[in-house]
Amino acid sequence: MKHPYFDSRIWPYSLPGLFIIAILWLVQWAQTLFVFPFYKLGVLPQTIEGIKGIFLMPLIHDKMDIHHLVNNSIAFFFMATLLAYSYRDVFIKVLLFSWLLCGLFLWGLAKNHGAYHIGLSGLIYALFSFLFFSGIIKRYFPLQALSFLIAFLYGSLIWGIFPIDQHISW
């Protein structure tokens with residue numbers, strides 16, 4: 001008998017995450033080609049100009065920090081795949097809600113020091129939290145274990161909640 005959450009055909013559930021990752025890398029490539037300051041598409045807290053960042057912030061990364069983009073891509077891939085696979089019915093809703101909520105919170109609650117906030121990390125934290133806490137609420141250990149495995153493999157997920165690096169939003 002098949003378990004209701006898991007079957008052997010997981011690869012189709014990785015496609016939405018791969019699609020978003022492809023966009024991330026296309027934007028990263030475009031940053032090397034064009035002089036346009038892509039970081040200005042990020043969230044500038046509590047300004048009209050910064051509202052566009054609510055929608056675009058996760059797609060923009062520092063053009064000089066490929067290492068961070070690689071880490072975000074890997075973590076997002078696993079989180080998005082696990083979410084799509086485990087929560088087929090609400091995957092799009094959770095992804096969009098998390099995407100927008102991260103941007104809205106950052107726009108409304110962060111202090112405006114004239115710095116733009118960019119990157120996918122907020123969305124990764126939201127997906128991790130959803131998967132972990134829904135695993136606890138459902139009392140489904142595999143979701144909890146997989147979330148912890150991803151957090152372990154993506155170690156900065158835990159350390160990123162502390163204000164260690166002044167160049168990274170906290």
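The values are calculated or read from the model by the stated rules, or taken from the named source; none is laboratory data. If you're wondering where the values come from, they're calculated on a predicted model, not measured in any experiment. Here the Cβ positions follow ideal geometry from the backbone for every residue, glycine too, while neighbour counts run over all protein chains shown. The area values use the complete protein model at the heavy-atom level, side chains included, leaving out ligands, DNA and RNA. Shrake-Rupley method; radii C 1.70, N 1.55, O 1.52, S 1.80 Å.
For this structure, a couple of remarks:
- Evaluation of K40 against the conditions (1) more than 30 Å from A145 (Cβ to Cβ); (2) in a helix (DSSP H, G or I); (3) in contact with a helix residue (DSSP H, G or I) (Cβ under 9 Å, 6 or more places away or on another chain); (4) open to solvent by less than 60 Å² (accessible area, probe 1.4 Å) shows that the sole unmet condition is (4).
- Unmet requirement for D89, which otherwise passes all of (1) without any contact (Cβ under 8 Å) to a residue 60 or more places away in the chain; (2) part of a helix (DSSP H, G or I); (3) under 29 Å from Q144 (Cβ atoms): (2)
- Residue within the range 108-118 that is on the phi < 0 side of the Ramachandran plot, in contact (Cβ under 8 Å) with a residue 24 or more places away in the chain and part of a helix (DSSP H, G or I) present: yes
Here is a yes/no grid of residues against (1) under 15 Å from the mean Cα position of the chain (by Cα); (2) in a helix (DSSP H, G or I):
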residue	(1), (2)
A22	yes, yes
T32	no, yes
V35	no, no
T47	no, no
M57	yes, yes
K63	no, no
F78	yes, yes
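- Filtering the range 112-127 for residues that are more than 14 Å from the chain's Cα centre (by Cα) and modelled with pLDDT of 90 or more leaves a non-empty set.
- Within the range 77-92, tally of residues that are among the hydrophobic types (A, V, I, L, M, F, W, C) and surrounded by fewer than 16 Cβ atoms within 10 Å (Cβ to Cβ): 2
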